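Q: Would you mind keeping the following structure in view while I ask a few things?
Values in this text are rule-based calculations from the coordinates and carry no lab data. Computed from a prediction, not measured in an experiment: that's the story for all the values here. We place every Cβ from the backbone using ideal geometry, glycine too, and count neighbours over all the protein chains shown.
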Amino acid sequence: MATFGSFALIVALALAAYNFLAGTVALRFIATGRQLAISPERLADTARRAGIASFIAVSAAVFALVYSVFTNDFSITYILEHSNRDLPTPYKFAAMWSGQEGSLLLWAWLLAGYGFVLRLRHKTDVKLYAYAGTILAAVQVFFLALLNFAVPPFSLFKGAIPADGNGLNPLLQYPEMVIHPPMLYLGYVGFTVPFAFALGALMMRYPGEKWIHITRVWTLVTWLFLTFGIFLGMHWAYAVLGWGGYWGWDPVENASFMPWLTGTAFLHSVMMQERKGMMKSWNVWLIFSTFMLTLLGTLLTRAGLVSSVHAFAQSSIGSWFYVFMVIVLAVCIFTYVLNRNHLKSEQRLESLVSRESSFLFNNLVLLTACFVILWGTLFPILSEYVEGSKVTVGAPFYNRVAIPIGLFLLFLTGVGPLLPWRSTSMKAIKRNFILPVIMFWVTAIVCLVAGDHPWQAGKFVPGAFYALVAFSMSAAVFTAIVSEFLRGAAVIARQTKRNLFSAVFTLVHRNTRRYGGYIIHIGVVIVVIGLAGAAFNKNIESEMGFHDKISIGPYTLICQGFTQDSNLNYDSQYAMLDVMVDGKRAFQMTPEKRVYLASQQPQTMVAIHSTPEWDLYVVYEGANPDTGQPIIKAFLNPLVGWIWAGVVLIVFGTFIALVPSATPATAALRVPVRSALPGEPALKGGD
């Protein structure tokens, strides 16, 4: 099977290379009008078919690796290092992306899959799709060359083949890790498609904004995968690592977050180009930057440049990525300089108090956040290069900068929907903003009365202050977005005599893109509320003997015993804790510590009891070697469940935005959502 897999990768590389070279030649001859022995169109079609075949070849290699995992073929070094005979079936699949070679194979396979779908849809716009497919093939050539020459996944083990493998990394033996990496990769890899369309459209000086319409679904789906992947990673870190948190500003966490920020900026700013013909150069560079940040994230994860629980070991593939990133940047700059006149804006910003300006500020803030995170992530590398020693940037640095930026973004999330295009009047501002402002101050007063204030024990606590602002701002933004739904629905209800619920459904159906976006924004508000709860986390740690107690918040934990267990995959120790509320036994928790037999590595299994108000989070930290008694650490983490609820709403809103509107967005709901004031242009449902 190793020979078959290696051969499949060689064939895939040859097909992708033909796709790139033949496609380049064909497009060049089509552009100049010159003729070949065969028609350039025919050559371009053979290139497209080669790209389709490359997906089949990479799929064969993936099948070979997965088959080798399930048949315990330890003659392949990768299988020996990342699997073992007693590994449960779901984690046999996870073994594919648990190591350097397998994760890059997954990348190449997903990239080929995206290319497969793209090339099947080529009749949408044959020439533009030919450019995009050829650029995509160039990226495929890079990753397939890596797999064939730098990190081959089918290398054979030299020497006597062991009877069993080393086993899967214990950190990956968790249900979410079967889906988290593929989701994250679908997001990472997917941004190659809008990049290919943007670069192709610029190369051919594509007229109009059709390339944006074509790539909108690609970009939104990719953004959804990346968003879901990031939050799955957060939940995995929360449930597995046992430190009580979900986001530690780890370099690899940052590597996934940075392209999400620029991708989010791109999704917002392309609306300016679609409606107003503005920000064309800005949008091109946003998607160029997003793609290059995915490459940088891959480099940071796989070249051993940063220390991270997520990163792979030191590797020699860094030089490959450096060269490829330089080539990509050079091609982007050259193409932009050559065709920059094609990207002139058709209109100018008329007012700072308009929806256009809110999009612009939104972009600037997102890029500022991305730059800060990039600087903090690369600072240890830069400091080692300049001073000879690594200076690590910790979470306090990111929090000091990122929290105010995040709150300003939250503010813009509420302001944007209330501002019309072009300009607005002071009277309109007062009318649209009065209710959100009232809600802001009402929430702030309620929080202060409830004890959520920034002065605790005579000291100013920044975290509590930011939480107060976050709660108040979230209430205001939620009010602003809901009011937009109600205004539009009220108009439909009056005109059609329907009830309000039916009117809201009709409103959303007529412009799914706009109102799906609003639902996403509500999800973001709920996530922010959950994040703000971290300012009030509590924890306690104690050694617990039989019937010993510890109390945290409304809960009292009583140790009812501790025991051991074992199976073919791991040995475990766990404590049995009764949890008392108001003197009555409410439930039992069993935090656990495992040692996996194949690798002899330990793993924490956290016990979590979730309510809308908080999570009781209990960790078994091991037994005291002197007394043999378990050491228990308990956390009370307020509002964590709101984060995961917000993610569900973000996913739902994205699906709504992907559904075609009942009428084209520019013609949706030809009735005013709110009546225009003197001097204010009338608003349509599609605005």
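Q: Residues with amide H under 5 Å of Leu597's amide H, sequence separation 5 or more or different chain, H placed in the peptide plane at 1.01 Å from N; which?
A: Tyr570, Asp571
Q: Does segment 536-640 classify as rounded, prolate or oblate by the C-alpha gyration tensor (a ≥ b ≥ c root eigenvalues; a/c under 1.5 gives rounded; else a/b over b/c gives prolate, otherwise oblate)? If you can, show how the numbers build up before the last one.
A: Numbers: a/c = 2.06, a/b = 1.56, b/c = 1.32.
Prolate, since a/c reaches 1.5 and a/b exceeds b/c.
Q: Could you name the lysines in cross-link range of Lys92, using Cα to Cα under 30 Å and dropping any fewer than eight places away on the same chain?
A: The reachable lysines, counting only those whose Cα sits under 30 Å from Lys92, are Lys158, Lys593.
Q: Please list the non-local residues whose amide H lies under 5 Å from the amide H of Trp614, H modeled 1.01 Å from N, same-chain partners needing a gap of 5 or more.
A: Leu639
Q: If we count every other residue with Cβ under 12 angstrom of Thr301's Cβ, Lys/Arg +1 and Asp/Glu -1, where does the sum land?
A: Charge balance in the 12 Å sphere: -1.
Q: Here's a follow-up. Mind jotting down the distance between the C-alpha centroids of segment 1-73 and segment 372-399, whole Å?
A: After rounding, the separation between the Cα centres reads 41 Å.
Q: Go through Lys430/Lys497; Lys276/Lys430; Lys549/Lys584 and tell me which ones have a Cα-Cα distance over 23 Å in this structure.
A: Lys430/Lys497; Lys276/Lys430
Q: Another one. Packing-wise, with mean Cβ within 10 Å as the measure, how do 255-266, 321-332 rank, highest first?
A: With the highest mean Cβ count within 10 Å placed first, the list reads 255-266, 321-332.
Q: Is it possible to state the helix-based mean residue ellipticity at 222 nm for the chain, with each DSSP H run of 4+ residues giving -39500 (n - 2.57), the sum divided by total residues, to the nearest 500 deg cm²/dmol? What is it?
A: Details: 19 runs with 404 residues, N = 687.
Using -39500 (n - 2.57) per qualifying helix, the result is -20500 deg cm²/dmol.
Q: If the cut-off is 17 Å between C-alpha atoms, which lysines fall inside it for Lys127, apart from same-chain ones fewer than 8 positions away?
A: Partners within reach: Lys210.
Q: Which of the three applies to the chain, rounded, prolate or oblate, going by the alpha-carbon gyration tensor with a ≥ b ≥ c and a/c under 1.5 meaning rounded?
A: It comes out oblate by the Cα gyration axes.
Q: What aspartates and glutamates could a cross-link reach from Lys633, if we take a straight Cα to Cα line under 15 Å and drop same-chain neighbours fewer than 8 places away?
A: Within the straight-line cut-off, Lys633 pairs with Glu541, Glu543, Asp548, Asp578, Glu592, Asp615, Glu621.
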